[in-house]
Each structure stands twice: as C-alpha cells, then as structure tokens.
1. Can you run down the residue pairs with Cβ atoms below 6 Å, 6 or more apart or on separate chains, where the first is in segment 166-181 and closer than 18 Å to residue 116 by Cα and the partner is open to solvent by 90 Å² or more (accessible area, probe 1.4 Å)?
2. In segment 27-37, how many residues are surrounded by fewer than 16 Cβ atoms within 10 Å (Cβ to Cβ) and touching a residue at least 12 places away in the same chain (Cβ under 8 Å)?
3. Which condition number in (1) within 26 Å of the chain's Cα centre (by Cα); (2) more than 21 Å from residue 57 (Cβ to Cβ); (3) at pLDDT below 85 is the one that residue 272 fails?
4. Out of segment 154-176, which residues are more than 24 Å from residue 239 (Cα to Cα) and open to solvent by 10 Å² or more (accessible area, probe 1.4 Å)?
5. Yes or no: residue 95 open to solvent by 10 Å² or more (accessible area, probe 1.4 Å), at pLDDT 95 or above and not acidic (Asp, Glu)?
6. Does segment 68-79 contain any residue that is open to solvent by 30 Å² or more (accessible area, probe 1.4 Å) and closer than 23 Å to residue 187 by Cα?
7. Which condition does residue 123 not pass, out of (1) under 20 Å from the mean Cα position of the chain (by Cα); (2) part of a helix (DSSP H, G or I); (3) buried (at least 22 other Cβ atoms within 10 Å of the Cβ), if it passes all the others?
8. Does residue 233 fit the bill of being over 29 Å from residue 127 (Cα atoms) and either modelled with pLDDT under 95 or open to solvent by less than 10 Å² (accessible area, probe 1.4 Å) (or both)?
Amino acid sequence: MGENIDFRRWDELIPDALGMIFKNLPLQEILTVVPRVCKSWRKAVAGPYCWQDIDIEQWSQQCRSETLDRMLQMLITRSSGSLRKLCVTGLANDQSFSLIADNAKSLQTLRLPRSEISDSIVEQVAGRLFSVTFLDVSYCRNIGAPALEAIGKNCKLLMGLRRTMHPLEVIDKLSQDDEAFAIATTMPKLKQLEVAYLLISTEAVLKILENCPELELLDVRGCWNVKLDENYIKKFTRLKVVGPLVVDYFGMKGCDDCSNYSGSSGYLAWDFVAGNVGSDYDDEISDGDWEDDQSMEDVEMRFYDGFDLDNAAFDWPLSP
C-alpha cells in the first residue's frame with residue numbers, strides 16, 4: 001500500500017490511444033458527447049484515430065440521402081486516408097461511391113448494400129479499390145456483370161463477395177449467368193461467395209467452383225436452377241455449400257453457423273431480407289441504433305449545426 005503508483009489522466013493519453021477507446025462507442029456518442037468533454041478528446045475525435053473503421057450501416061437505413069452524403073464526406077475526410085472498413089447502406093448516387101474510391105488506399109472491407117451505384121462508375125473507379133478483400137454489393141439493382149468484372153480485374157486481393165438479391169428485384173430478368181461467369185473468370189482467390197437468389201444455372205456455379213479453388217463458403221439459397229451433385233461437391237473438402245433449398249428457420253447468424261455443414265445437403269435457413277450468412281474477414285464493429293427517441297432531423301441538427309465541417313471541430317464550450 002505504501003508504493004507510489006502514477007496514474008495517467010485520461011486527458012493526457014495520446015490521441016491514437018484515445019481513438020482506439022472511443023471507436024468502441026456508438027457513433028452518436030463519438031460525434032455529440034465525447035468532443036464536449038475536453039480539448040484532447042475533441043482532438044482525438046476530429047483526427048483519423050476513430051475513423052479507420054466506419055460502420056454507419058444501421059444509421060444510414062433511416063436517414064435522407066443528402067444527410068448521408070454529408071456524413072460520409074465528414075467521416076471519410078476525418079479518416080485522412082487511413083480508412084480500413086466502411087459499412088453503409090443505400091448510397092444514392094455515383095458521386096458518393098467515387099468519394100469512397102478516392103480514399104480507399106487502405107480500405108479492406110467495403111459493404112454497400114442497397115446502393116444506387118451504376119456499372120459505369122464501378123468501371124471508372126475500380127482501380128482505386130485495389131486493397132479491398134471483402135465486398136458487399138447485395139441488392140444493388142443497377143450493377144451487373146460489367147461492374148463485377150471490373151471489380152475482379154482490379155481487386156486482386158478479394159477473398160469475400162456478397163451479391164445477394166431479393167427475389168422481387170430479379171423477377172424481370174431471364175438469367176444472371178453473366179454475373180457468375182464474371183466472378184468465375186476474375187476472382188480466383190475467393191474464399192466466401194454469397195449469391196443467394198441470383199438467377200444462375202448449374203453450369204455457372206460449376207464454372208465458379210472450377211476457377212475458385214480456395215472457396216470455403218458458397219451460398220446459393222434460392223438459386224432454383226442450380227442442381228449440384230453431392231458426390232461431386234464432396235471433392236471440395238473445405239467447401240461449405242448453403243442451398244439452394246431454403247429452410248424456414250430463423251436466427252442463423254454468422255459463418256460459425258455453417259461450420260457443421262458440408263456438401264449440398266447442408267441446407268441452412270434464409271433470413272428473407274437480411275441474407276446475412278457469412279461474416280466478413282474482418283471483425284464486425286457495430287455502432288448500434290440510436291438510444292433516444294429523437295427524430296433523425298434532430299440528430300442531423302446535432303451533428304451539423306454545432307460542427308465546422310471544414311475544420312472538423314465543434315463550436316461548443318469545452319472543459320480545460
């Protein structure tokens with residue numbers, strides 16, 4: 001008890017240490033609570049330390065497109081080129097995707113479900129996504145084989161692709177085999193592939209298996225034209241196949257749920273809209289939903305009315 005122990009004050013911690021702590025907080029608290037504590041905490045939040053992993057997927061489901069654009073601009077600017085993971089839902093335009101690509105030199109995980117991006121913008125900027133290892137373009141209705149081919153040719157490190165669709169989004173299509181062939185011919189290092197409800201044939205899936213020897217998880221739930229011979233699938237000793245049968249069972253989350261299944265007889269459930277079979281090859285970090293009852297307009301006002309986007313600093317009074 002007589003020993004003198006020096007305790008370091010929280011406001012004296014270096015910014016990167018504070019950033020590692022703060023990034024585990026919900027997004028709302030990082031932006032509206034932490035900066036008001038003291039100057040050193042505001043500095044940590046304003047710098048890249050908290051923004052190497054940005055997960056606003058849940059928040060972006062509820063906000064307006066212009067609000068989302070401003071938020072992305074702010075957070076990506078703060079990351080200062082150190083962005084490693086970005087999860088966001090519903091990009092409304094190609095400009096936002098281009099902004100992401102311009103700041104993707106360290107980006108490894110990119111999740112963009114339900115985004116209105118086009119083949120043309122993907123072809124234009126795919127070369128800047130060279131470090132991406134996991135990509136989620138589920139429910140992106142405006143892209144097809146040209147975009148996937150551009151991604152495969154430029155993202156040489158890609159190990160995971162999620163291209164799940166909703167059945168109603170492909171009802172007007174005759175076939176999406178061209179997407180499967182684009183995957184097969186340009187993405188040989190894939191370990192995880194989810195193409196649930198894509199209108200693909202057995203031939204297309206066999207082409208993927210032939211050209212992607214490292215594949216460990218293949219999700220073909222709802223791909224009703226796919227007929228895989230179980231004895232053939234057993235040749236791929238590391239491969240777990242989910243589907244094409246859809247079993248009415250809910251609650252399956254993450255790749256661990258597939259660990260006890262092998263071969264085409266290992267039919268697992270389908271959360272009809274979410275389609276969340278596999279896990280990224282990065283740790284998932286969830287910011288969670290907003291805890292209070294205020295409207296999104298109120299949240300927007302709190303985010304931006306007291307915030308100088310150019311200087312990344314709050315105008316509220318601070319503690320010493």
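1. Partner pairs satisfying both residue conditions: 169/141.
2. Looking only at that region, the number is 2.
3. Result: residue 272 passes all but (2).
4. Pass one, segment 154-176, residues more than 24 Å from residue 239 (Cα to Cα): 154, 166-175.
Those that are more than 24 Å from residue 239 (Cα to Cα) and open to solvent by 10 Å² or more (accessible area, probe 1.4 Å): 154, 166, 167, 168, 169, 171, 172, 173, 174, 175.
5. So residue 95 does not fit the description; no.
6. no
7. Among (1) under 20 Å from the mean Cα position of the chain (by Cα); (2) part of a helix (DSSP H, G or I); (3) buried (at least 22 other Cβ atoms within 10 Å of the Cβ), residue 123 violates only (3).
8. Considered against the rule, which asks whether it is over 29 Å from residue 127 (Cα atoms) and either modelled with pLDDT under 95 or open to solvent by less than 10 Å² (accessible area, probe 1.4 Å) (or both), residue 233 comes out as yes.
The values are calculated or read from the model by the stated rules, or taken from the named source; none is laboratory data. Computed from a predicted structure; not experimentally measured. Positions of Cβ are backbone-derived with ideal geometry, glycine not excepted, and every protein chain shown enters the neighbour counts. Each accessible area value is taken on the protein alone, full model and side chains, heavy atoms only, with ligands, DNA and RNA left out. Shrake-Rupley method; radii C 1.70, N 1.55, O 1.52, S 1.80 Å.
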